[in-house]
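The values are calculated or read from the model by the stated rules, or taken from the named source; none is laboratory data. Only a predicted model underlies this, so the values are computations on that prediction, with no experimental measurement involved. Don't worry about glycine lacking a Cβ; one is built from the backbone with ideal geometry, like all the others, and counts go over all protein chains shown. SASA here: full protein model, heavy atoms, side chains in, ligands and nucleic acids out. Shrake-Rupley method; radii C 1.70, N 1.55, O 1.52, S 1.80 Å.
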Amino acid sequence: MAKLVSRTTLRPLDYILIIGPILTAGAYSVLSGEFDVLGFIVLVAGVMGVVLSAKRSILNFLFGLVNVGVYAYIAYKSQYYGGAALHALYYVPMQFVGYFAWRRRHQSDDESRVQSRSMTGRQIAFWSVVSVVAIAALTFVLDRYTEDSQPLKDAAITVIAVVAQYLMTCAFWEQWVLWLMINLLSVALWTVGTVKGEPHAALMVVKYAFYTVNAVNGIVQWRRQSRLAAE
């Protein structure tokens, strides 16, 4: 473990992405007069996880396990059933799958980092079609058979996240394009929740706003490394 930590180098932007949400959460607590324990745990664990993921460090799955477990409970309380099911039934077990998959795909010179790669045109077309069909189907189910407060956004986030997590496990850099889409949708989702006064919603907006910046960072770093590996 010590070796893995020591080989994970954080840059100034990474520290900003970690410290920024924590300071923002602290300021929110002072202004609101209450400390959101669950929201804070998800915020810190989530930010640490995505920053380490952008660095291609397998330690991201340890923080990810805490993040997705607590987030599932928060989403369920807010009646975002698609997101709750996604995190509890898919993200949680995928933290273990991803950890061992990345261990097998590590860089030849650094066992703490995964080797990124690029998708083929056929793979991109296949997953694009699957995503569109699945979003339409899940939106119909959530709208008709549940009391989901935002079925289209919830369905889009759920489906795209399933695909993104799979691409992450396979170490494709294109995953970050999907994470960027998810984060933008999540900001919109939880902004509406904040206006409605839903618990933990404001901190979820902060979390996904910083996630959005990190997704752009992930695209740049993973794509660059993938191209270098292909040369």
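Once all protein chains are placed together, M168 keeps about 10 Å² accessible to a 1.4 angstrom probe.
Solvent exposure of the chain amounts to 48 Å² per residue of accessible area, where only protein heavy atoms count and the probe is 1.4 Å. Measuring between their Cα centroids, region 136-207 and region 56-125 lie 15 Å from each other. Reported value for region 105-231: 111 Å³ per residue, from the convex hull of its C-alpha atoms.
Here the accessible area of the chain is 69 percent carbon and sulfur, with a 1.4 angstrom probe and all protein chains present.
Note on R122 and Y90: the extension gain reaches 9.0 nm, defined as 0.36 nm multiplied by sequence separation minus the Cα-Cα distance.
Relative to its Kirkwood radius, the Cα radius of gyration of region 91-174 gives an Rg/Rh of 1.09.
Percent relative contact order of the chain, based on C-alpha pairs within less than 8 angstrom and at least six residues apart? About 23 percent, as a whole number.
Entry note, region 38-151: relative contact order of 22 percent, from Cα contacts under 8 Å with a spacing of 6+ residues. Computed from label points 7 Å out along Cα-Cβ, the spacing between V133 and L31 is 4.5 nm.
Once C-alpha pairs closer than 8 Å and six or more residues apart are averaged by separation and normalised to the residue number of region 1-105, the relative contact order reads 22 percent. GNM on the chain, alpha-carbon springs under 10 angstrom: the most fluctuating residue among G121, G64, G82 is G121.
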